[in-house]
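Here's the structure we're looking at; comments come further down.
The values are calculated or read from the model by the stated rules, or taken from the named source; none is laboratory data. Remember, it's a predicted structure, so these values are computed and weren't measured experimentally. Cβ coordinates were reconstructed from backbone atoms using ideal geometry, including for glycine residues, and neighbour counts include every protein chain displayed.
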Amino acid sequence: MVSSSQRFARQPKRSRNNGDFKKRPTRRGQVLFAWSFILIPLLYLIINWIFINGQTVLLAFKDPWNRWTFDNFKEVWKRFTDPYEADMTPVLLNTLLYFAMQEFVGLPASFFVSYFIYKHIKGYKVFRVIFYLPSIIPTMVMVIAFSQFVFPQGPFEMICTWLNIKLPTEGILYNESTAKWALIVYSFFTSAAGNILFYSAMSRIPPDLIDAGKIDGLTPFQEFIHVIFPLIMPTFMMTLLLDVSSILNAGPPIFLFGNPPGTQNIANWFFYSVYSSGSTGIGKYGYLSALGLCFTLINLPIVFLVRHLAEKFSTVEY
């Protein structure tokens, strides 16, 4: 028989490690877990951004003998203003032309392609594969395929022969008057082939909104203007901001095309300015650093302006 004192005796505490309670992570484990995620991005930021860009800024104010000077910036000014040495003006104009075609022609075309695929037009599955091929196939393969298409005696020349169109004997990729526009066509095809971000944003739109628009009698064009475009405006502005921030790299892969005449953009010009000069190219680091710093200072206000405009379009919750 159990006595009253034994009945109300204090029971011993059950251990938290006996399987009845989950073991809570320690503070040290939480810190190590967090650092395991941010350590690699932090090292990347320090090495590839702070260190490299910091060295670039310092090189802009040094000559090949490591002495402080402003001659690099004087050389930049001369390359844009001196009529005999102004070799940067056509390169800059080519870059701006590539960027304009990308943003004002390629980006809207990509937007409309994504919309038509989203609307499930007849044969949209086939078109979806065709339009997204440039995003799937490696760039080198696309360059080879396009080059073989427009090379002399290739399919493009056969089509032009049937239409009685005369082409340069060396091919449109190696003629200075046509090479630039051939690369623009390549850029248009690869950029307008469909943007996965746009299509993904459109796919998230609730079908109820589209059905409500149909009940109100909206045409497909009105639906696009008043429903689709406003809802994915944040995605559109983010894409535009990323493009503007890389405006100095705008253009097709000119190096993979073999550097056709008259097609240089800024990124490719920087590469050839150093490595085409052999061992003497090292002495150009200061001038190229000053030129890159000037381009950055010019592009920075444009990026902040586009960012300011992008912030006015708040994220849509649906």
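What the table shows:
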item: Residue identified as surrounded by fewer than 18 Cβ atoms within 10 Å (Cβ to Cβ) and either in contact with a Gly (Cβ under 7 Å, 6 or more places away or on another chain) or closer than 30 Å to Gln148 by Cβ (or both) among Asn268, Asn249; result: Asn249
item: Asn66 vs. criteria in contact (Cβ under 8 Å) with a residue 40 or more places away in the chain and more than 27 Å from the chain's Cα centre (by Cα); result: no
item: Scan of region 148-181 for residues that are surrounded by 18 or more Cβ atoms within 10 Å (Cβ to Cβ), in contact (Cβ under 8 Å) with a residue 40 or more places away in the chain and not in a loop (DSSP other than H, G, I, E, B), ordered by number; result: Ala179, Lys180
item: Search result, residues across region 50-74 that are acidic (Asp, Glu) and modelled with pLDDT under 85; result: Asp63
item: Residue, surrounded by the most Cβ atoms within 10 Å (Cβ to Cβ), within region 216-230, restricted to residues that are in a helix (DSSP H, G or I) and of a type in the set (A, V, I, L, M, F, W, C); result: Ile228
item: Flag if Ala290 is among the hydrophobic types (A, V, I, L, M, F, W, C), closer than 29 Å to Thr69 by Cα and over 23 Å from the mean Cα position of the chain (by Cα); result: yes
item: Index of the failed condition, Gly213 passing every other in (1) modelled with pLDDT of 85 or more; (2) surrounded by 13 or more Cβ atoms within 10 Å (Cβ to Cβ); (3) farther than 27 Å from Val129 by Cα; (4) not β-branched (Val, Ile, Thr); result: (1)
item: Pick from region 76-90, criterion under 22 Å from Asn249 (Cα atoms) and of a type in the set (D, E, K, R), ranking: surrounded by the fewest Cβ atoms within 10 Å (Cβ to Cβ); result: Asp87
item: Condition met for Leu93 (at pLDDT 80 or above, loosely packed, with under 12 Cβ neighbours inside 10 Å and either more than 33 Å from the chain's Cα centre (by Cα) or under 30 Å from Thr263 (Cα atoms) (or both)); result: yes
item: Output for region 131-147, where each listed residue is free of Cβ contacts under 8 Å to residues at least 60 places away in the same chain, assigned to a helix (DSSP H, G or I) and either over 14 Å from Tyr186 (Cβ atoms) or in contact with a Cys (Cβ under 6 Å, 6 or more places away or on another chain) (or both); result: Ile136
item: Residue selected from region 97-109 under the condition touching a residue at least 40 places away in the same chain (Cβ under 8 Å) and closer than 13 Å to Asn265 by Cβ, by the criterion surrounded by the fewest Cβ atoms within 10 Å (Cβ to Cβ); result: Leu97
item: Which numbered condition Asp208 misses (of (1) assigned to a helix (DSSP H, G or I); (2) surrounded by 12 or more Cβ atoms within 10 Å (Cβ to Cβ); (3) at pLDDT 85 or above; (4) not hydrophobic (A, V, I, L, M, F, W, C)); result: (2)
item: Within region 120-130, considering residues that are outside any loop (DSSP other than H, G, I, E, B) and β-branched (Val, Ile, Thr), the one surrounded by the most Cβ atoms within 10 Å (Cβ to Cβ); result: Ile130
